[in-house]
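Notes follow the structure.
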């Protein structure tokens, strides 16, 4: 069973952070400004309260104390900031969609708008190609680069995946190496393998 957490903070641009718990996975976070997703932290065991318990509201730290902040200072929650109803609703809606995914459903994340401020044309093209990879399918890093129109940019495509701050919404877990799973940052290959298994992919 999955439980969404409480709203924990806003910034001057009304970014809401909502924690959610996925049974067997851990606790993740969604940061939303009411129009765009600005950060998604995949659930992990050390990220919050024990599985099965509702995430308790906590005071969001100031910029200097945020452990995994969104990429720009304008989206970092400020202590005591006022809650934006729109950003709260959007964050909760996305949490429900994520809940469905971890329960084994096939939600479509392609309609979720993400914060691409400052992205290069290359990054935008890679993200578009990546979001077009269907549920239950995988591509190699070389294939991703080719799909995006940059057939010689395999390494750069891999770098984009490694720095992706919208996992599942921009599904970097569906990109593998030519001879195996590739990598999946600090979460590791077992986590990536589990995500793919949810989609019926065994590697």
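Just so it is clear, none of the values below were taken in a lab; they were calculated from the coordinates. Computed from a predicted structure; not experimentally measured. Don't worry about glycine lacking a Cβ; one is built from the backbone with ideal geometry, like all the others, and counts go over all protein chains shown.
Among 97, 120, which comes first, then next, by fewest other beta-carbon atoms within 10 Å? Walk me through the numbers before you get to the answer.
Details: 97 17, 120 10.
Fewest to most other Cβ atoms nearby, the residues stand as 120, 97.
Taking 0.36 nm per intervening residue step and subtracting the Cα-Cα distance, what contour gain separates residue 89 from residue 159 on full extension? Walk me through the numbers before you get to the answer.
Numbers: separation 70, 0.36 × 70 = 25.20 nm, distance 3.23 nm.
Extending this stretch completely gives an extra 22.0 nm.
Each Cα pair under 8 Å and six or more residues apart adds its separation to the average, and for the stretch 121-198 the resulting relative contact order is 28 percent.
Order of 108, 33, 115 from fewest to most other C-beta atoms within 10 Å? Provide the component values of the computation, followed by the final result.
Values: 108 8, 33 24, 115 21.
Result, fewest neighbours first: 108, 115, 33.
Taking 25 Å as R0, compute the FRET efficiency from the Cβ-Cβ separation of residue 124 and residue 201 and round it to 0.05. With R0 = 25 Å, the Cβ-Cβ based efficiency is 0.45.
Sorting 172, 161 by the number of Cβ atoms found within 10 Å of their own Cβ, with the fewest placed first, yields 161, 172.
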